[in-house]
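Colleague: Sharing a structure with you now.
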Amino acid sequence: MSTDEVKKIVVVLGMHRSGTSAITRGLETMRVALGDNLLPTAADNSKGFWEDLDIIQLNDEMLQAIGQEWHSLRPLQTSDLERLREQGFVTRARQLLISKTEACQCFGFKDPRTAKLLPIWSEVLDTPAFEARYIVALRNPISVVASLVRRDGFDEEKSYLLWVVHVLTILGHANRYPAIAVDYDSLLQEPRQQLARVADWLGEPIDTLELELYCQEFLETGLRHYHVDQFTPLPETALPLAQEVHARLNAVITGEDTLDELMNSAALMQWQTNLDKLDDTLRLLDRLYQRIQDQHDAWQQAEARAQQFSKTLKEITDKPSEPCRVILKRCLVKRGPQLVSQALLRLHQLRAWWQTQRTQPADSPECEGHARRQEATADQLEISPHHIPPRLQTPVPAAQAGQRIALHLRLLQGTGGDTFIDHARNLSVPFDLYVAVSQGFDQEALSEQLRAALPHADQIIIETVPERGRDLAPLIIQFGQRLAEYDVIGHFHTAAPQKALSLLLGTPDAGGDQVAYLLGLLQTEAKILYPQDHEGTNTADDRREESQALVADLLQRHTTRVAATFPRLEHPQAGIFWARTACLREWLQLPLKFTDFPLEPSRNADTLDDALRRIILVMASGHTGRCLRLDYESTG
């Protein structure tokens, strides 16, 4: 098959719970490929979602990039589209579709998020390589709303608003390519006729055997958990706007109107104008719903912590402790989940002590050595001091030629990148550079500066991030998934001391020997390289209970590690380091969001960003190699 051949892309568009799964599955009767990486079935959709996991992930990333979720009410704005373009999503989506169509002539996909993101997907499809077609799934919003209330616990009012926003987004942007409407209830009642109509419109033949399998084995009236006739009028809880849109869609289903006429009508323009007037209200509602969701999530986490507290206490005392759970839940209302995190840390330490007392005689050397073991941080975290030789004559190891190396740089507010650039000039091996900047930063000028100063940089990716989580939140949230694909990563930011930069990148104009030496260490004995701090300890102030609680909670929620196993923590000075990526891949892919972090500048020293810094070496534990603490004296 020629790579220059135009590929047909069929996109099924519709609001969540509108029958898009059944319609998409029906495309297989026309030999439309749906891919081999589909979302598994679930309790709320036992017949399958028929959604491509790669497209779902890309849509989720796009929504996260503009600070939205699938159920956000506010439609995409011009600024959202500009951000998605700047961050390369159009190119990524187009390349994804190209890869999906390598082995087929016609590829179809659906993900209800695509309807919300249709303005950007329409740009993705605008290329001579694709012939795009849209199938618009219709269903009475009463059924849609009932399904959302049951599955997601949404209010009816929010659900009707979601339906209106999705439908108007589809109608406003689907007119760029040929489109056809399919009513879900009609599909269930007369599947052969409806699929024949779609196949004729697509210009694709129907496989009669596949059609019979679809009608007899896939379709069933039980697919409809809620069934309301398409023409049943909407209740008063629906906006008048939703009632008007629903009435016009009914006319499309009966044939009194056509989808093309509706998409180019004055009525649609008026509806969109009315929706635009609700922009501030929808923005406010999104914020309020997010706060409610955050409170709900915090309560569920608190309940889980309380149950674990009760379980752990029972293991220690061998006595039932169900009342503890009730008491803790009452305490959490006033003190928050941090109380349980602190209590769990103390319980883990108590359990370790209790087990020691039960298995060792009181006068045994093991008991006497307990305090000494508490200080054995270096052994637990596999840390060794390392002096860089004063005269380096170390060539770049041969194996390094095949390594993929990436650097992450956070340009913090109020700082410049000149100092970093002066040190980074020493890099004499190919690398990719990912740069996180604040809103309003002149990215074009920065890109030109970096290109001129760093000739060995292959790719320079500059993206805007919120003022949250200082340097580590952008590293993990914005770039973590991409950085996890490299062999070696280096993390830096513009507030790092010059001495620390010199240890990891060499002094300005020193040449590439020191960096080559360090990269060579990462191929042999080292898994992480980081600078020693001024006091030479790099240990966190573990006397602060808040700090301990944050670390304990972070490890407990996202890893299998227990904070009490590491009674004293050591961390890279200023959080900058070189690392073998495999050792920190789990850390890079922690499921965090920017909203988990306070706005900068934060007055609280005990932040999630601080906790992330403290667990860097902990997350590398268990991997081969040692964490090498580079001494300042070694550069003198």
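Colleague: Stokes-Einstein diffusion coefficient for the stretch 434-474 at 25 °C in a medium of 0.890 mPa s, Rh from the Kirkwood formula over Cα pairs: what value in µm²/s?
Modeller: 222
Colleague: Return the long-range amide H neighbours of residue 31 (sequence gap of 5 or more, or a different chain), with a cut-off of under 5 Å between placed amide H atoms.
Modeller: 207
Colleague: With no solvent and one point per C-alpha, what does the Debye sum give as log10 I(q)/I(0) for the stretch 106-156 at q = 0.14, 0.22, 0.29 Å⁻¹?
Modeller: The computed values of log10 I(q)/I(0) come out as -0.53, -0.91, -1.20.
Colleague: Between residue 582 and residue 631, what is 0.36 nm times their sequence separation minus the Cα-Cα distance? Round to one decimal in nm.
Modeller: 15.2 nm
Colleague: So, one more: List every residue whose amide H lies under 5 Å from the amide H of residue 435, counting only residues 5 or more places away in sequence or on a different chain, with H placed 1.01 Å from N in the peptide plane.
Modeller: 409, 461, 462, 463
Colleague: Continuing with the same structure: Taking the highest mean first, how do the peptides 407-416, 457-466 order by number of other beta carbon atoms within 10 angstrom per residue?
Modeller: Going from most to least packed, we get 407-416, 457-466.
Colleague: If you don't mind, another one. Provide the gained length on full extension for the span residue 299 to residue 6, in nm with one decimal, where the gain is 0.36 nm per separating residue minus the Cα-Cα distance.
Modeller: Gain in length upon complete extension: 100.3 nm.
Colleague: Oh, and also: Report the net charge of residues surrounding residue 70, where surrounding means a beta-carbon distance below 11 angstrom and charges are Lys +1, Arg +1, Asp -1, Glu -1.
Modeller: -2
Colleague: Taking R0 as 22 Å, what's the FRET efficiency between residue 64 and residue 126 from their Cβ-Cβ distance, rounded to 0.05?
Modeller: For R0 = 22 Å, the calculated efficiency reads 0.40.
Colleague: Hey, another quick one. Below 12 angstrom from the Cβ of residue 116, what's the summed charge of the other residues (Lys, Arg +1; Asp, Glu -1)?
Modeller: -2
Colleague: A further question follows. Based on alpha-carbon positions alone, could you give the equivalent ellipsoid semi-axes of the stretch 388-516 from the gyration tensor, as √(5λ), descending, whole Å?
Modeller: 24, 16, 14
Colleague: If you don't mind, another one. Quick check: at a probe of 1.4 Å, how many percent of the accessible area of the stretch 112-205 sits on carbon and sulfur atoms?
Modeller: 45
Colleague: Would you kindly state how much longer the chain becomes between residue 441 and residue 562 on full extension, computed as 0.36 nm times their sequence separation minus their alpha carbon distance, in nm to one decimal?
Modeller: This chain segment gains 39.5 nm when fully extended.
Colleague: List, largest first, the extents of the alpha carbons of the stretch 112-252 along their principal axes, each in whole Å.
Modeller: 44, 38, 28
Colleague: Modelling each spin label as a point 7 Å along the Cα-to-Cβ direction, I'd like the residue 272/residue 384 distance in nm, to one decimal.
Modeller: About 6.5 nm separates the two model spin labels.
The values are calculated or read from the model by the stated rules, or taken from the named source; none is laboratory data. No experiment lies behind these values; they were computed from the predicted model shown. Cβ: placed from backbone, ideal geometry, glycine included. Neighbour counts: every protein chain shown. To get the accessible areas, we keep the full protein, side chains included, count just its heavy atoms, and leave off ligands, DNA and RNA. Shrake-Rupley method; radii C 1.70, N 1.55, O 1.52, S 1.80 Å.
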